[in-house]
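Visitor: To start, I am sharing the structure in question, which I have written as structure tokens.
The values are calculated or read from the model by the stated rules, or taken from the named source; none is laboratory data. Worth saying up front: this structure is predicted, and the values here are computed from it rather than measured. Cβ placement follows ideal geometry from the backbone for every residue including glycine, while neighbour counts extend to all protein chains displayed. Just the protein is used for accessible areas: all its heavy atoms, side chains included, with ligands, DNA and RNA removed. Shrake-Rupley method; radii C 1.70, N 1.55, O 1.52, S 1.80 Å.
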Amino acid sequence: LATAYPPWRVAVVALPALRQVAVFSMLRRRNVRMCLNVDDDQKAWFVACVNSTLLLTTALGVAVTGGIHSPLLFTIAAGYFATVLIIGERRQTRLLLGATGVAVLALAFLPDAWTGPGMAPPVHALLTALSVLGVGASLAPVHAVVQRRRDELARAREEMASEALARAQSLERVGSKVAHELKNPLTAVKALVQLGLRSPAEAASHPRLEVVEKEVGRVQDILQNYLSFARPLQEVRPRPVELGPLVSDTLVVLSARADGARVRLFAEGNATVEADPRRLKEAFLNLVVNAIEATPPGGEVAVEVRPAEEGAEIVIRDTGRGMPAETLRRIGTPFFTTREEGTGLGVVLARSVIAQHGGSLRYESEPGKGTQVWVGLPRASARERHAASAAGR
């Protein structure tokens, strides 16, 4: 090639090629680890700038060996590919891609005096193959190092998540034990207060005892909600359940509460799913209680059960005050509540139970237009779906 092609053009190609290999080697040995933190914009700019110099040197080599027809044209994309490998898809990567496109466009308009004489077809084909293989050989070590570091980061994240889950489960067990231990003395205190309320001798203390009874009852409700909130982590025991009768039983349990609030309750429809009826009833109790609390006297709460393509759908509608968008976004956050005596755990419990069954829960509401709660449940339990999937494979 040296005898058939101007020596100075061969030299222009060789010198930048050596520099490119040196830069890749430097990145691989020293800077790849530093540049893996893709959240650090400054490091991403460093990688993009280094590879921009590779773009310039390769573009020069392409320009003097045929321009757009050069067998080395593919090497002009090496800087972009290296940047994608190291920092991923970012603004700096897109800028470098744009610069690569501009460079190719400029090569297409270079005069023949700059691009030099053409090469014989066998030589052209050989150099094209070598340039493609060379780019691949240059990028392979970078890709290997980057992939190894990303695997290490993924393993570290998994270990941190496992440790966090273990700590959360440990705290959950401690919290459940404390809640259980507090229930018995609270029950005793409440019983003594109720005895005092029934005693004529304590008539003067009745107003204060009523306050104590109310507050003890509120603490008991909080503990019960907490225990129910922790229970979804336990395994469910699914069996065929008719949702219509289950919803009706739920409304019967809450009828006295609804009568006290002067709210009418309605239920209609039916569907059958594989579920744990005890856990579902807890979820429905919490959702309907919230609907009753949000509905003014004279309003109504309706629960509709209907079959769906994938299982069943339960819709709980109330004629209450509704919720603004900000409240709607936060609904289901532990201890977030719009009621003075609420805990915010009811919706969390319901969402956890429904998620355990492989279902979904969402709210729709507007101020002054009431609220609708949509519950979707699959026809088969998660265990059965997994078994069916394994049998299909």
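Visitor: Any residue in segment 291-304 that is touching a Phe, Trp or Tyr at 6+ places or on another chain (Cβ under 9 Å), open to solvent by less than 20 Å² (accessible area, probe 1.4 Å) and either under 14 Å from Asp318 (Cα atoms) or in a strand (DSSP E or B) (or both)?
Guide: Yes, segment 291-304 contains at least one residue that is touching a Phe, Trp or Tyr at 6+ places or on another chain (Cβ under 9 Å), open to solvent by less than 20 Å² (accessible area, probe 1.4 Å) and either under 14 Å from Asp318 (Cα atoms) or in a strand (DSSP E or B) (or both).
Visitor: If you go through segment 81-116 one residue at a time, how many are buried (at least 20 other Cβ atoms within 10 Å of the Cβ), within 36 Å of the chain's Cα centre (by Cα), modelled with pLDDT of 85 or more and not polar (S, T, N, Q)?
Guide: Of the residues in segment 81-116, 1 are buried (at least 20 other Cβ atoms within 10 Å of the Cβ), within 36 Å of the chain's Cα centre (by Cα), modelled with pLDDT of 85 or more and not polar (S, T, N, Q).
Visitor: Could you list all residues from segment 338-388 that are in contact with a strand residue (DSSP E or B) (Cβ under 7 Å, 6 or more places away or on another chain), open to solvent by less than 20 Å² (accessible area, probe 1.4 Å) and modelled with pLDDT under 80?
Guide: Hit for segment 338-388 is Ser381, nothing else.
Visitor: Scan segment 240-252 for residues that are touching a helix residue (DSSP H, G or I) at 6+ places or on another chain (Cβ under 8 Å) and farther than 18 Å from Thr272 by Cα and report the count.
Guide: Qualifying residue count for the region: 1.
Visitor: From the list Pro238, Pro232, Pro334, Pro324, exactly one residue is at pLDDT below 90 and touching a Gly at 6+ places or on another chain (Cβ under 7 Å). Which is it?
Guide: Matching residue, one of Pro238, Pro232, Pro334, Pro324: Pro334.
Visitor: Related question: Give me a count of the residues in segment 253-273 that are closer than 16 Å to Val375 by Cβ, surrounded by 17 or more Cβ atoms within 10 Å (Cβ to Cβ) and touching a helix residue (DSSP H, G or I) at 6+ places or on another chain (Cβ under 6 Å).
Guide: The qualifying residues number 2.
Visitor: Give segment 153-200 a look and list any residue that's at pLDDT 75 or above and open to solvent by 90 Å² or more (accessible area, probe 1.4 Å), or say none.
Guide: If the condition is that a residue be at pLDDT 75 or above and open to solvent by 90 Å² or more (accessible area, probe 1.4 Å), then Arg155, Arg157, Glu158, Glu159, Met160, Glu163, Leu192, Leu195, Arg198, Pro200 are the ones that fit.
Visitor: Test of understanding: among Arg393, Arg329, which residue is modelled with pLDDT under 85 and more than 26 Å from the chain's Cα centre (by Cα)?
Guide: Arg393
Visitor: Right, something else. I'm told Ile316 meets every condition in (1) among the hydrophobic types (A, V, I, L, M, F, W, C); (2) modelled with pLDDT of 85 or more; (3) within 22 Å of Arg237 (Cα to Cα) except one. Can you identify the failing condition by its number?
Guide: (3)
Visitor: Could you please let me know if Ala125 is open to solvent by less than 70 Å² (accessible area, probe 1.4 Å), within 26 Å of Ala44 (Cβ to Cβ) and assigned to a helix (DSSP H, G or I)?
Guide: no
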